[in-house]
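Q: I have a structure here, written as structure tokens, and I will follow up with some questions on it.
Laboratory data are not the source of any read-out in this text; all were calculated from the coordinates shown. Please read all numbers here as calculations on a predicted model, not as lab measurements. Positions of Cβ are generated from backbone atoms using ideal geometry, with glycine treated the same way; all protein chains shown enter the neighbour counts.
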Amino acid sequence: MKLSIITPTYNRANMLGNLYKSILKSLEQNNEMQQSIQVQWIIINDGSNDNTEEVVKQYISENKIKIQYYKQENQGKMSAINNVVQYADGDLIVECDSDDTFSDNAFCDILQAYHETKERKDLYGLCFLKYDLKGNNIGNAFQKEETTMFDLYFKERRNRRKSNCIFCRYSKTISVQDRKS
């Protein structure tokens, strides 16, 4: 399975290292369990005026994972995502902010959820809750194991539930940890 991670960033060169290390760590954990997963990390610089480009070039030169880097004039996070999603060629696409990190077992959990649900024609997304570095849920647990995008985005969002993607489901796995500034 291939996972495309899209990271929009604006003046967060100093935080990208934590995300980079967490991707490598989760891949290492996944490989130890002998599960096959590839990662494509797509970084979109939304007009930063810090040293984001130099930091990303350093990660690319290490050649540990496939990294694609794009830069645009500042247009906002959603425009940045919309402008690079076309380059994602993974089986799953995850948007991960530049100040977030993946837990050590995130890719194992994502792979497991993918295999459990990939044959479902009525399911088009997986959603994982966010946790802080101490393991505390940011927001509240999902109200239902399966839901519609409308309910998740509009109804549950009012109650400040936070997840690392807007789509459908999954309440049993810690996948992404929110990095405290």
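Q: Between N63 and I138, what is the label-to-label distance in nm when each label sits 7 Å out along the Cα-to-Cβ direction?
A: That separation, rounded to one decimal, is 3.5 nm.
Q: Contour minus end-to-end for N74 and N31, with contour as 0.36 nm per residue of separation and end-to-end as the Cα-Cα distance?
A: 11.8 nm
Q: Next question, about the same structure. Hey, rough spin-label estimate for L123 and Q38, points 7 angstrom out along Cα→Cβ, what's it come to in nanometres?
A: Result for the modelled spin labels: 2.4 nm.
Q: Then there is this: As an exercise, identify the GluC sites (Glu not before Pro) in region 1-85 lying in DSSP coil whose Cβ has no more than 12 other Cβ atoms within 10 Å.
A: Answer by residue number: E73.
Q: Now for a separate question. Let me check against my output: what whole-number percent is the relative contact order of region 1-138, with C-alpha pairs under 8 Å and at least 6 apart?
A: 37 percent
Q: Okay, next question. Loop-only check: which chymotrypsin sites (Phe, Trp or Tyr not before Pro) in region 56-149 are DSSP coil with at most 16 other Cβ within 10 angstrom?
A: Y124
Q: Then there is this: What pairs in K77/K144; K118/K144; K2/K64 have C-alpha atoms more than 25 Å from each other?
A: Result: K77/K144 exceed 25 Å.
Q: May I pose another question? Provide the gained length on full extension for the span Q112 to M1, in nm with one decimal, where the gain is 0.36 nm per separating residue minus the Cα-Cα distance.
A: Working it through step by step, the gained length comes to 38.9 nm.
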